[in-house]
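Structure first, then comments.
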Amino acid sequence: MNRVNNKVALVTGGGSGIGRASCCLLAQAGAKVFVTDINQMALDETVEIIVSSGGLATGVHQDVTDEGRWDEVMSLLLDAYGKLDILVNNAGISGVGLPPIEEASLASFQKVTAINLDSVFLGTQKAVLAMKDSGGSIINISSVMGIVGGAGPAYNASKGGVRLLTKSVAVHCGTMGYNIRVNSVHPGYIWTPLVENIFEHVGVDNLTEDGFREMLTEKHPIGRLGVAEDIAKGVLFLASDDSSFMTGSELVIDGGYTAV
Ligand SMILES: NC(=O)c1ccc[n+]([C@@H]2O[C@H](COP(=O)([O-])OP(=O)(O)OC[C@H]3O[C@@H](n4cnc5c(N)ncnc54)[C@H](O)[C@@H]3O)[C@@H](O)[C@H]2O)c1
């Protein structure tokens, strides 16, 4: 408990899945959490969950692809809390339903990379500026699909980009003497609305939902799919001083998906 006591955390995409679980766990561990999401109702629910259990949270609407909004969000956060200690760049989409490389349009590719990768560039840049004198931890949610292929060019490219953007900024921060750690997290399949939506959207090979879950489970040697809290625990570890010797690293939390 209290592993991030009095730290200020900003979590994007905090209205659902991994983002919501991370907000809740960070708050339970003592952080003041700034929750942002493009879905106002969802982010309000996350704030309500935290506040009703005695935690501290503020919710702000944000489209992470909008650079001007990033500046406004950072101003609101610094006005409210005076500092930023932890940024979790979590908001993302799966890109489900996009055609294969032969048929994909550049616009469809760029829609996914704007949300999954450009936003991480923007958030990381704003966080480095806010943290360079005081230090902090930046946590970028990539994927096993940032390490191996299999999810389509746009999603794989965006998540692979997050992985190396993270290492690049980690090296820069170390070289500059900023006390800022920058790490990526690589979840396997986690049963969240993002994955449920893959099933609903493409109805994978006429499988039932149970069959779809079973097919995904078989890819994880540990014998189950992940839950959002599995990833939130990794986020809390990277946010806390327990990981003080980690920067530029990739925390793989995947039930063995990439070990096969
Ligand atoms: N679920 C998985 O299996 C899995 C695996 C690996 C990586 N990830 C990554 O984890 C992150 C969270 O995924 P999740 O599974 O919790 O998904 P989710 O769909 O449950 O949550 C994603 C959240 O991001 C928000 N969002 C989407 N576009 C946004 C935008 N432009 N601006 C602000 N917010 C936006 C959504 O409203 C939603 O609340 C994503 O980056 C995803 O790629 C998920």
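Screening the chain for whole DSSP H helices with an alpha carbon extent of at least 27 angstrom along the helix axis and a mean Kyte-Doolittle hydropathy of at least -1.0 yields 153-176. Lysine pairs in the chain whose alpha-carbon atoms fall under 22 angstrom of each other, counting only those eight or more residues apart or on distinct chains, come to 21. Once Rh is set to the Kirkwood radius over Cα pairs, what Stokes-Einstein translational diffusion coefficient, in µm²/s, holds for the range 125-197 at a temperature of 10 °C and a viscosity of 1.306 mPa s? The calculation lands on 119 µm²/s. Think of each Lys and Arg Cβ as +1 and each Asp and Glu Cβ as -1; about the Cα centre, that makes the dipole of the range 8-88 roughly 340 debye.
What the Cα atoms of the range 96-234 give is an Rg and a Dmax of 17.1, 54 Å.
Cβ neighbours within 10 Å, averaged per peptide: list 210-221, 135-146 in order, most packed at the top.
Numbers: 210-221: 14.8, 135-146: 25.2.
Ranking the peptides 210-221, 135-146 by packing returns 135-146, 210-221.
The calculated Kirkwood hydrodynamic radius for the chain is 18.4 Å, given to one decimal from all distinct C-alpha pairs.
So for the range 1-92, averaging the separation of alpha carbon pairs under 8 Å that are six or more residues apart and normalising by length, what relative contact order in percent results?
Details: 186 pairs, mean separation 31.6, N = 92.
It rounds to 34 percent for the range 1-92.
Value of Rg to Rh for the range 50-98, rounded to two decimals, is 1.06; Kirkwood radius and Rg both from alpha-carbon coordinates. For the range 19-150, the alpha-carbon coordinates run over 51, 33, 27 Å along the three principal axes, in decreasing order.
Need one number: convex hull volume per residue for the range 221-260, Cα atoms only, in Å³.
Numbers: hull volume 2.9 nm³, N = 40.
Normalising the Cα hull of the range 221-260 by residue number yields 73 Å³.
Ranking of His186, His201, His172 by neighbouring Cβ atoms within 10 Å, starting from the fewest: His201, His172, His186.
Charges at C-beta only: +1 for Lys and Arg, -1 for Asp and Glu. How large is the resulting dipole of the range 64-122 about its Cα centre, in Debye rounded to 20?
Working: 3 positive and 9 negative charges, 26 e Å.
Using only the charged Cβ atoms, the result is roughly 120 debye.
The relative contact order of the range 99-224 comes to 24 percent, based on Cα pairs under 8 Å that sit 6 or more residues apart.
Rule-based calculations on the coordinates, nothing more; no lab input. Owing to the predicted nature of the structure, the values given are computational and were not obtained by experimental measurement. Don't worry about glycine lacking a Cβ; one is built from the backbone with ideal geometry, like all the others, and counts go over all protein chains shown.
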